[in-house]
Amino acid sequence: MENDSFYEKVYWVVRQVPAGRVTTYGAIAAFLGTKGSSRVVGYAMGASVHVLPRVPAHRVVNRTGLLTGKQRFGSPHLMQQLLENEGIVVEDDQIKNFKEVFWDPATELILP
DNA sequence: AAGCTGACAGCAG
DNA sequence: CCTGCTGCCAGCT
């Protein structure tokens with residue numbers, strides 16, 4: 001993974017997020033060792049639309065469980081639709097049972 | 001080569 | 001309790 005950029009690392013982690021679960025920018029940043037780069041994680045997600053295979057960016061939200069990047073999905077409600085389609089309860093761009101569906105890579109991710 | 005930008009997070013007022 | 005300001009790191013112009 002050393003030939004991959006920081007973005008690629010972020011994309012890899014996001015792809016490991018199972019359906020019906022979500023994670024946060026800070027959790028990914030901390031997992032990669034750079035806790036302060038949570039903003040970079042967000043920026044990486046913004047660029048994820050240009051990346052193949054497609055990254056399930058809708059499973060990444062901020063620490064409050066708010067769908068901050070929904071605007072980047074083309075339709076303002078597409079991100080919410082995708083999450084609800086996976087069984088996640090979303091109300092007014094806010095994940096309700098956020099604590100239950102939260103998926104922490106540092107504790108639940110199993111490295112190959 | 002230098003500065004600006006950004007789907008955040010945390011602490012202070 | 002809610003609103004605002006600062007710190008942070010990698011990419012891009």
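Taking 19 Å as the straight-line reach from the Cα of A:LYS9, the aspartates and glutamates in range (excluding those fewer than 8 positions away in the same chain) are A:ASP104, A:GLU108. The overall shape of region A:1-57, judged from the alpha-carbon gyration tensor, is rounded, with an a/c ratio under 1.5. Taking a straight Cα-Cα cut-off under 17 Å and skipping sequence neighbours fewer than 8 places away in the same chain, the lysines within cross-link reach of A:LYS70 are A:LYS96. Of all accessible surface on chain A at a 1.4 Å probe, what whole percent is carbon and sulfur? Percent of accessible area from carbon and sulfur atoms in chain A: 52.
With viscosity 0.692 mPa s and temperature 37 °C, the Kirkwood radius over alpha carbon pairs of chain A converts through Stokes-Einstein to a diffusion coefficient of 235 µm²/s. Evaluating 6.51 cos²θ - 1.76 cosθ + 1.60 at θ = phi - 60° for every residue in region A:73-86, the Karplus couplings come out as 8, x, 9, x, 10, 4, 4, 5, 4, 4, 5, 5, 5, 9 Hz, glycine and proline recorded as x.
For chain A, the solvent-accessible area with a 1.4 angstrom probe is 59 square angstrom per residue. Computed from backbone phi with θ = phi - 60° and the Karplus coefficients 6.51, -1.76 and 1.60, the 3J(HN,Hα) list for region A:6-11 is 4, 4, 4, 5, 4, 4 Hz; x is used for glycine and proline. Placing +1 on the Cβ of every Lys and Arg and -1 on the Cβ of every Asp and Glu, with no other charges, gives chain A a dipole of roughly 180 debye about its Cα centre.
The values are calculated or read from the model by the stated rules, or taken from the named source; none is laboratory data. Keep in mind that this is a model prediction, so the values were computed, not measured. Because the Cβ atoms are built from the backbone with ideal geometry, glycine has one as well, and the counts that use them run over all protein chains shown. Only protein heavy atoms, including side chains, enter the accessible area calculation; ligands, DNA and RNA are left aside. Shrake-Rupley method; radii C 1.70, N 1.55, O 1.52, S 1.80 Å.
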